[in-house]
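Peer 1: Can you read through this structure? Questions will come right after.
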Amino acid sequence: MLKRSLLTLAITLAATLPAFAHLDPAEHGSFAAGFSHPLFGLDHILAMVAVGLWAAQQGGRALWLVPSAFVGTMAVGFALAIAGIPLPFVEPVILASVIFIGIAVALALPVPTSAVAAMVGFFAFFHGHAHGGELGEAGAWEFATGFILATALLHVAGIVAGLALGKVSGKVLTRIAGAATALGGVYLAVGG
C-alpha cells in the first residue's frame, strides 16, 4: 500500500511540474491556460501542496473540508477580480501564505479543523484574486475550471504526500516538508 501511495505521489508531483508555464489562451484555449496557471508559479505550488499536507496532518473531515474551503474561497476571490474589484497586497499575502502554512505544518499546530479551513480560506481569497487578475484573453468560466482543477490536484498531491509521510515517520517527515515549504516561501519573498 505504501509503495502504491508513493508511486501515486510521484506521478502526481511529476504532473504538477511547471513544464508548460503560462499558456496563451488564444492558442491553447482558456481551460489549458487556467490549468497551467497555478502550476507555473512556485508560490502557488508550495502553498497548495502545503494546504494538502496540513489537511492530512489534521486528518478526519479536514481531508475534504480544508481543501474545499481553499477552493471555494479562491473562486470568490477570482470572481471579485474579474468584476474589477481591486485587492491590495495580493502578491505579499500569497507569499505569506506559503510561509505561514509551511510553519503551521512544521509546528503541527493543534487548532480545530474549522480554524484551519478559515485560515487557508483567507489566503485562498488572495490566490483567487491573483488568478482573476491575470485572466487576460481567456474565457472566465473555462479559465476558472482549469485553475480550480489544477488547485484541487495540488491539494490531493499534498494530502497523498502527507498521508504517506505520516505512515512512514509519524509526523516527522510531514513537519520537515512544512519547514521546507516555509523556507521556500522565505526564499521567494527575498527575491528568489
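Peer 1: All but one of (1) modelled with pLDDT of 95 or more; (2) under 17 Å from residue 180 (Cβ atoms); (3) in contact with a helix residue (DSSP H, G or I) (Cβ under 6 Å, 6 or more places away or on another chain) hold for residue 77; state the number of the condition that does not hold.
Peer 2: Condition (2) is where residue 77 drops out.
Peer 1: Scan the stretch 83-102 for residues that are buried (at least 16 other Cβ atoms within 10 Å of the Cβ), in a helix (DSSP H, G or I) and not small (Gly, Ala, Ser) and jot them down.
Peer 2: Those that are buried (at least 16 other Cβ atoms within 10 Å of the Cβ), in a helix (DSSP H, G or I) and not small (Gly, Ala, Ser): 90, 93, 94, 95, 98, 99, 100, 101.
Peer 1: Going through the stretch 119-142 one residue at a time, which ones are in contact with a helix residue (DSSP H, G or I) (Cβ under 7 Å, 6 or more places away or on another chain), of a type in the set (A, V, I, L, M) and modelled with pLDDT of 95 or more?
Peer 2: Hits for the stretch 119-142 are 120, 124.
Peer 1: Moving on. Exactly one condition in (1) under 26 Å from residue 189 (Cα atoms); (2) part of a helix (DSSP H, G or I) is false for residue 65; which is it?
Peer 2: (1)
Peer 1: What number of residues within the stretch 122-146 are buried (at least 24 other Cβ atoms within 10 Å of the Cβ) and more than 19 Å from residue 93 (Cα to Cα)?
Peer 2: 3
Peer 1: Can you give me the number of residues within the stretch 103-121 that are surrounded by fewer than 21 Cβ atoms within 10 Å (Cβ to Cβ), of a type in the set (A, V, I, L, M, F, W, C) and farther than 20 Å from residue 165 by Cα?
Peer 2: Selection size over the stretch 103-121: 3.
Peer 1: Another one. Consider residue 80 against the criteria (1) farther than 25 Å from residue 35 by Cα; (2) hydrophobic (A, V, I, L, M, F, W, C); (3) in a helix (DSSP H, G or I): it satisfies all of them except one. Which criterion is unmet?
Peer 2: Going through (1) farther than 25 Å from residue 35 by Cα; (2) hydrophobic (A, V, I, L, M, F, W, C); (3) in a helix (DSSP H, G or I) one by one, residue 80 breaks only (1).
Peer 1: From (1) modelled with pLDDT under 95; (2) on the phi > 0 side of the Ramachandran plot; (3) not basic (Lys, Arg), pick out the condition that doesn't hold for residue 5.
Peer 2: In the conditions (1) modelled with pLDDT under 95; (2) on the phi > 0 side of the Ramachandran plot; (3) not basic (Lys, Arg), residue 5 misses (2) alone.
The values are calculated or read from the model by the stated rules, or taken from the named source; none is laboratory data. Everything quoted here is computed from the prediction, not taken from an experiment. Methodologically, a virtual Cβ is constructed for each residue, glycine included, from the backbone with ideal geometry; neighbour enumeration extends over all protein chains shown.
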